[in-house]
Amino acid sequence: MPSSEPAPAAPASEPSPPRGPSFFMRWLTYLVLLPLIGLATAFFGAISLICGLWDKSGRQQHFIAHLWARTLLILSLSRVKVINREKLHLHETAVYASNHLSYMDTPVLFSHLPFQFRILAKQGLWKVPFIGWYLNRSGQVPVDQSSARNAVASLNRGVATLKHGLPLVIFPEGGRAHDGETKPFVSGAAYMAIKAQVPLIPITLIGTYELLPIHTYALNPRPLAIIIGDPIPTTNLTTRDADTLTQQLFQAITTTYMQHSAQ
């Protein structure tokens, strides 16, 4: 006798994870591309260190970083498209906040943002040969998270950079995403934008996670995109508004990422 109970619904299929690099790309990366990336980093790092002996403005070193980033993108075999490029020129000084998916995020931004800027980065990077030397000599801002007091002091150094007329680029997640999903933001970017009374501008990176996910070393070439969002004003805000502003930034970036990564 047939059962009168309805048949159980089939489980919803989960989205398949991004396809990894092919066997050919793995060995091309290991044998050719990664050694070339290492050589390029050492070469441009050494040149930047030499320029730092006389370049107090950081302009020459920033240009060298731009050339390094362009070289890495050529070696990654991935093209980058900038969407809403015109929004980059609405404000001379601002805090540009981006999602953080991959080691390739920094080269993507250095290669395609058309102005000199400074970055906030974990203090541990200052100990890495060539990279640390560049960060130190070019005036980037180290973030010391060993205590709340040191963290605030680091943010205030970023505020001083903004008040000197230099934009900042920051990853408010504080680290790379493990699964391609945007992690909750900390409020440092909003704090600095409010203290300096400059706009907070969302930047959404698309494709860098699939190109080089965390804890992998084989490149998976693909088209990349930088999407510039609408500036979020900070006029008349106080640091008490930092959490609300951070949530607004998070919503802008995650909504944009979901819209474009699904295409």
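The values are calculated or read from the model by the stated rules, or taken from the named source; none is laboratory data. Being a predicted model, the structure only gives us computed values, none of them experimental. Here the Cβ positions follow ideal geometry from the backbone for every residue, glycine too, while neighbour counts run over all protein chains shown. Areas reflect the complete protein model, heavy atoms only, side chains present, ligands, DNA and RNA absent. Shrake-Rupley method; radii C 1.70, N 1.55, O 1.52, S 1.80 Å.
Observations
- Test for G139: is it open to solvent by 10 Å² or more (accessible area, probe 1.4 Å) and over 20 Å from L205 (Cβ atoms): yes
- Selection of the range 191-214 for residues being part of a loop (DSSP other than H, G, I, E, B) and more than 17 Å from the chain's Cα centre (by Cα) yields Q197, V198, P199.
- Taking residues in the range 172-192 that are under 15 Å from T254 (Cα atoms), and partners anywhere that are part of a helix (DSSP H, G or I) and of a type in the set (G, A, S), the pairs with Cβ atoms closer than 6 Å and at least 6 places apart or on different chains are P172/A189.
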